[in-house]
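The values are calculated or read from the model by the stated rules, or taken from the named source; none is laboratory data. None of the values given here were measured: they were computed from a predicted structure. Glycine also receives a Cβ, built like all others from the backbone with ideal geometry; neighbour counts cover every protein chain displayed. Just so you know, the surface numbers come from the protein's heavy atoms only, side chains and all, with ligands and any DNA or RNA stripped out. Shrake-Rupley method; radii C 1.70, N 1.55, O 1.52, S 1.80 Å.
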Amino acid sequence: MEASSSLPQAERLARLRLIRTETVGPITYRQLMARYGTAVAALEAVPLLARRGGRAKPPTIPTRAAAERELAAAAAIGAEPLFLGDTGYPPLVSAIEDAPPVLYARGSRHLLDTPGIAIVGARNASAAGRRMAGDLARGLGAAGVVVVSGLARGIDAAAHDAALATGTIAVLAGGADIRYPRENAALQDHIAAQGLLVTEAPPGTEPQARHFPRRNRIISGLVLGVVVVEAAERSGSLITARLAGDQGREVFAVPGSPLDPRAKGANRLLRDGAHLVESARDILELLDSMRRPMEEPGPRALFAGAGPDARAEPTDDERARLRLLLSPAPTPIDDLVRLSALTVDRVLTILLEMELGGTIQRHPGGRVALV
């Protein structure tokens with residue numbers, strides 16, 4: 001059963017087609033919506049914008065029938081589509097710059113309305129680390145806090161398992177119908193029945209390496225804070241912690257032995273200012289301050305970021321001036337605005353054209369680079 005929606009069906013299908021369009025990512029999607037107001041209008045503009053950005057052939061845009069098939073596949077597995085800016089979309093996630101334009105939620109969707117804390121850590125976790133993750137999850141759950149994690153082996157699985165009875169959300173890298181990893185298949189089924197599965201991937205999507213860092217921004221985006229239990233120095237859990245800090249969430253870490261490589265990442269977070277955690281009480285004592293208003297944008301304001309100059313077309317001279325400043329090295333957009341002497345809207349419009357044209361790519365921290 002699909003969630004109630006304030007969007008007409010034609011707009012829902014257009015939004016799904018827009019985010020599935022070649023060269024359109026979450027930030028580009030948001031800029032197109034800000035510029036054109038509706039996905040129906042944005043889809044009509046994409047071919048021209050891409051041509052201005054240097055693309056010889058128009059980007060591939062999925063058909064309406066393809067979007068209808070995707071929604072039907074989601075309905076068949078009980079996954080509800082939640083569109084950015086529409087009823088039911090998690091407000092905390094909508095506040096992040098690269099919020100997924102659509103999320104699929106399979107299970108108890110009311111958990112999205114409950115304060116959450118993420119518990120993440122090493123896949124090859126120690127017995128002590130798994131016990132700590134379970135203890136934290138049970139303590140948080142008993143206090144009415146939803147436990148969020150990524151359904152990976154080790155710490156993630158221990159946290160989910162301990163919070164099944166009180167409420168847990170698993171954020172997946174693949175489709176909501178794909179059991180991954182295989183050893184957590186039964187746990188994933190239990191979460192679908194008792195908790196909630198969330199993913200931005202369409203049904204049938206097999207997880208690939210590039211999907212996991214993108215999944216991590218949703219884990220941190222859903223919660224008020226992230227707890228790292230065990231993590232090596234190059235762990236994906238540290239990516240989640242960094243994203244949490246970037247998104248204005250609190251970062252917690254469980255200290256570990258300096259002799260254990262799995263403790264190096266968490267210990268480093270503590271040196272960098274993360275909150276030290278020895279029990280769920282340490283997190284709960286900060287929970288009230290984490291519940292302060294975070295100024296999530298309302299549906300009306302979400303795509304209203306374009307200035308009065310946004311619909312004015314840049315000149316060829318302005319496009320050439322900006323392109324001279326770009327290189328394969330990622331460059332902050334703020335620097336491009338300053339050095340080009342163009343307005344922010346002009347720069348964003350030209351970059352939008354170039355991204356749709358496949359000539360630039362976006363990097364973290366508001367940076368862009370030539371492909």
Among the numbered conditions (1) more than 20 Å from Pro90 (Cα to Cα); (2) open to solvent by less than 50 Å² (accessible area, probe 1.4 Å), tell me where Gly25 comes up short. (1)
Segments classed as helices (runs of 4 or more DSSP H), wholly inside the range 1-105, with at least 1 members that are within 17 Å of the chain's Cα centre (by Cα) and modelled with pLDDT of 95 or more: 9-19, 26-36, 91-94
Determine the pairs where a residue that is free of Cβ contacts under 8 Å to residues at least 12 places away in the same chain, located within the range 200-215, has a partner that is of a type in the set (Ser, Thr, Tyr) with Cβ atoms under 8 Å apart, the partner being 6 or more residues away or on another chain. none
Counting only residues that are out of contact with any strand residue (DSSP E or B) (no Cβ under 9 Å at 6 or more places or on another chain) and touching a residue at least 12 places away in the same chain (Cβ under 8 Å), how many does the range 123-137 have? 10
Can you tell me which residue is surrounded by the most Cβ atoms within 10 Å (Cβ to Cβ) among those in the range 328-371 that are assigned to a strand (DSSP E or B) and among the hydrophobic types (A, V, I, L, M, F, W, C)? Ile360
Output for the range 197-242, where each listed residue is among the hydroxyl-bearing types (Ser, Thr, Tyr) and crowded, with 20+ Cβ neighbours inside 10 Å: Thr199, Ser220, Ser235, Ser237, Thr240
Scope the range 147-156; condition touching a residue at least 60 places away in the same chain (Cβ under 8 Å) and within 17 Å of Asp282 (Cα to Cα); matching residues: none
Pairs needed: first member in the range 237-262, under 23 Å from Leu172 (Cβ atoms); second member anywhere, among the polar types (S, T, N, Q); C-beta distance under 7 Å; at least 6 residues apart or different chains. Ile239/Asn216; Thr240/Asn216; Thr240/Ser220; Leu243/Asn216; Leu243/Ser220; Ala244/Ser220; Gln247/Ser220; Arg249/Ser220
Is it the case that some residue within the range 149-169 is buried (at least 19 other Cβ atoms within 10 Å of the Cβ), part of a strand (DSSP E or B) and of a type in the set (D, E, K, R)? no
Would you check if Gly273 is open to solvent by 20 Å² or more (accessible area, probe 1.4 Å) and modelled with pLDDT of 95 or more? yes
Test: Ala65 is open to solvent by 50 Å² or more (accessible area, probe 1.4 Å) and free of Cβ contacts under 8 Å to residues at least 12 places away in the same chain: no
Would you point out which residue out of Gln188, Gln194 is farther than 20 Å from Ile96 by Cβ, among the polar types (S, T, N, Q), modelled with pLDDT of 95 or more and surrounded by fewer than 20 Cβ atoms within 10 Å (Cβ to Cβ)? Gln194
For Glu97, state whether it is free of Cβ contacts under 8 Å to residues at least 60 places away in the same chain, open to solvent by 60 Å² or more (accessible area, probe 1.4 Å) and at negative phi. no
Quick check on my filter: what residues within the range 248-261 are buried (at least 19 other Cβ atoms within 10 Å of the Cβ) and within 26 Å of the chain's Cα centre (by Cα)? Arg249, Glu250, Val251, Phe252, Ala253, Val254
